[in-house]
Amino acid sequence: MSEPAVIVEHVSKDFVLHHNAQDTLKKRFVGLFHKRWRPQPHIFHAVEDVSFTVARGEALGLMGHNGSGKSTLLSLIAGIYPPTAGRILTRGRLVPMIALGVGFSPELTGEENIYLNASLFGLKNRETRALFPKILEFSELGDFIYEPVKNYSSGMYARLGFSVAIHLDPEILLADEILSVGDADFQQKCLARIEEMRNGGMTLLFVSHSQDQVAQFCDRYIRMEHGKMVAAGDVANLIDSVQKQKVIPIQTT
Amino acid sequence: MTAAIQSALAPFQRWWSYRDLVRNLVAKEIKVRYQGAALGFAWSLMNPLMITLMYLVVFTYVFPSNLPHYPLFMVVGIIHWNLFSLLVMQSSELLVGNADLLKKIYFPRLLVPLSNLLVNATLWLMALGILFALYVPLGGHWHPGLLLYPFYLILFLGFTFGIMLALCVLYVDFRDLKHLVEVFIQLLFWATPIIYPLSRIHHPLIQSLMKLSPFAEFSLIFQSLFWADTLPSWKLSLGFALWTALSLAIGLTLFYRRGARLIERL
């Protein structure tokens, strides 16, 4: 097997939540005299001691309820936050799709936003120019591409964001529940496109609530609960456990 | 050996590879700011123009100044001060204002303050153009020393950039910093020889204290280049270069030591 694309080693992330945040000089000064004004730091363990590796070309599904730490984990891998403990290594061009259309400027046209958005991911304008026809075609926006983005519907907005991200030619794609956007047809098209890139050897980290989507796309899965990894394994087992859950109650009653 | 050089150059290479991002951010900001305004970014001249006219009227008719070519003296000082105060006042909110972006995509964070600096400097070039157009009518003389102006301008921008970096980082923890800066910068304006010459300060101690301030130093540098038609003294140049180095050192240290941990608290 080739070298892993993503290595996550004993990674933890704590967020310090201040119940009485001392974010002004005034509060800090008054806090010297009044205990009530002092901050009460409350440490929230968003991710606790998570380790896994993803081989090149593999697809890993991250599952879990809201607040289980899966999105934080993705942000850590994307390099947005530094981990509190542990080590993260990634090899290859990484594109985080944590939210679609981040950095879109409402006043700019779709075309201008494509250049801006692509350059946020480190693309040169020259490279974007070469990709532009493909992005436009995929987004199905037609002449709307020359309209300011503020006039877009939310579906068009998401389509544009997705089209840019998908054409950046990622070696590692971090996708955070982004497939719940757009109409069914476009969703299908996105999924097909991800599938195609997977066949081209792309590594995928996929956060989703939907077991079906994880089962469809991923080779392995990880289930998170309260920041901890509670289950991991082959997606085939996942389908088994889903079917068991569905079947057993019927048998017992 | 070559490996060591390569690793030392790596961050610069990375920034260089993001040069189109800086270009796009600057273009976006300028476009968005003056979109739909008939006069476009000529509006950015309104504020400095009004201020300059106001001081001009006050200091030619109400409190007349006996300096030769006083309008030129004042305009040179104000034009540079304006850029400085604009950049410093906007800097507090740079990180907090871009929280959405910074929390979702990783790119070199330094590019956010850098592109703000470039946006304002680009718009400011128009004001500078007007200064050059009015230079001779206001009584200035072209002299070879002016060729050194870009060098001093870069020092000045570097000094300002250091302050911007420090402020945008500190603002995350101290949200009342913005109000402090706004008040303080007014005070600083009057405590700097911009619309009056340093010779008007008669107290020797205060005068020598004022001379040491970097704000007075950059004003004196630009006044001597544009108004006195001489090169700034080497003492003045060296002094300001040291201030610039200090400002950048503090700004960059704060930005890189605290910057990474900051994103989650925006």
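The values are calculated or read from the model by the stated rules, or taken from the named source; none is laboratory data. Note that the structure is a prediction, hence the values are computed from the model and not measured. Cβ sites come from the backbone with ideal geometry, for glycine too, and all protein chains shown count toward neighbours.
General observations
- Output for region A:102-111, where each listed residue is more than 20 Å from the chain's Cα centre (by Cα), facing chain B (nearest Cβ under 9 Å) and buried (at least 21 other Cβ atoms within 10 Å of the Cβ): A:Leu108
- Condition met for B:Ile105 (of a type outside the set (Lys, Arg) and over 16 Å from the mean Cα position of the chain (by Cα)): yes
- Unmet criterion (only one of (1) in a loop (DSSP other than H, G, I, E, B); (2) surrounded by fewer than 18 Cβ atoms within 10 Å (Cβ to Cβ); (3) more than 11 Å from chain B (Cβ to nearest Cβ)) for A:Pro82: (3)
- Checking each residue of region B:155-177 against the condition of being in contact (Cβ under 8 Å) with a residue 40 or more places away in the chain, outside any helix (DSSP H, G or I) and hydrophobic (A, V, I, L, M, F, W, C) gives no match.
- Answer from B:Val172, B:Val183, B:Val119 - the residue that is surrounded by fewer than 17 Cβ atoms within 10 Å (Cβ to Cβ) and within 14 Å of chain A (Cβ to nearest Cβ): B:Val183
- Meets criteria (modelled with pLDDT of 90 or more, within 14 Å of another protein chain (Cβ to nearest Cβ) and surrounded by fewer than 15 Cβ atoms within 10 Å (Cβ to Cβ)) for A:Arg126: yes
- For region B:195-234, the set of residues classified as of a type in the set (A, V, I, L, M) and closer than 22 Å to B:Gly139 by Cα consists of B:Ile195, B:Leu198, B:Leu220, B:Ile221, B:Leu225, B:Ala228, B:Leu231, listed by residue number.
- Only residues that are closer than 27 Å to B:Ala245 by Cβ, of a type in the set (Ser, Thr, Tyr) and assigned to a loop (DSSP other than H, G, I, E, B) were counted in region B:184-217, giving 2.
- Restricting B:Leu220, B:Leu198 to residues that are among the aliphatic types (A, V, I, L, M), surrounded by fewer than 18 Cβ atoms within 10 Å (Cβ to Cβ) and modelled with pLDDT under 95 narrows the list to B:Leu198.
- Residue check, A:Ser68 at the interface with chain B (Cβ under 9 Å from one of its Cβ atoms), assigned to a loop (DSSP other than H, G, I, E, B) and surrounded by 17 or more Cβ atoms within 10 Å (Cβ to Cβ): no
- Filtering region B:149-169 to residues that are over 19 Å from B:Asn116 (Cα atoms) and surrounded by fewer than 18 Cβ atoms within 10 Å (Cβ to Cβ) leaves B:Tyr149, B:Pro150, B:Phe151.
- Residue count for region A:85-96, restricted to those that are facing chain B (nearest Cβ under 9 Å) and at pLDDT 90 or above: 0
- Here B:Leu86 fits the description: closer than 22 Å to B:Ser44 by Cα and either free of Cβ contacts under 8 Å to residues at least 40 places away in the same chain or in contact with a Cys (Cβ under 6 Å, 6 or more places away or on another chain) (or both).
- Count of residues meeting criterion [touching a residue at least 40 places away in the same chain (Cβ under 8 Å) and among the basic types (Lys, Arg)] in region B:103-145: 2
- A count restricted to region A:26-65 and to residues that are in a loop (DSSP other than H, G, I, E, B), among the small types (Gly, Ala, Ser) and under 17 Å from the mean Cα position of the chain (by Cα) stands at 0.
- Matching residues, region A:88-119, being in a helix (DSSP H, G or I), out of contact with any Leu (no Cβ under 6 Å at 6 or more places or on another chain) and of a type outside the set (D, E, K, R): A:Asn113, A:Ile114, A:Tyr115, A:Leu116, A:Asn117, A:Ala118
- A:Leu123 meets all of the listed conditions (1) in a loop (DSSP other than H, G, I, E, B); (2) closer than 30 Å to A:Val16 by Cα; (3) of a type in the set (A, V, I, L, M, F, W, C) but one, namely (2).
- Every listed requirement among (1) part of a loop (DSSP other than H, G, I, E, B); (2) in contact with a strand residue (DSSP E or B) (Cβ under 8 Å, 6 or more places away or on another chain) is met by A:Leu74 save one, (1).
- Flag if B:Val57 is closer than 29 Å to A:Ala118 by Cα and either more than 14 Å from chain A (Cβ to nearest Cβ) or within 19 Å of the chain's Cα centre (by Cα) (or both): no
- Only listed residue being surrounded by fewer than 17 Cβ atoms within 10 Å (Cβ to Cβ) and at pLDDT 80 or above, chosen from B:Val32, B:Val26: B:Val32
- Listed here are the helices (runs of 4 or more DSSP H) enclosed by region B:36-107 that have at least 1 residues being modelled with pLDDT under 85 and closer than 30 Å to A:Leu174 by Cβ: B:99-102.
- Single residue of A:Ala99, A:Ala59, A:Ala55 found to be more than 14 Å from chain B (Cβ to nearest Cβ), closer than 30 Å to A:Glu140 by Cβ and not charged (D, E, K, R): A:Ala59
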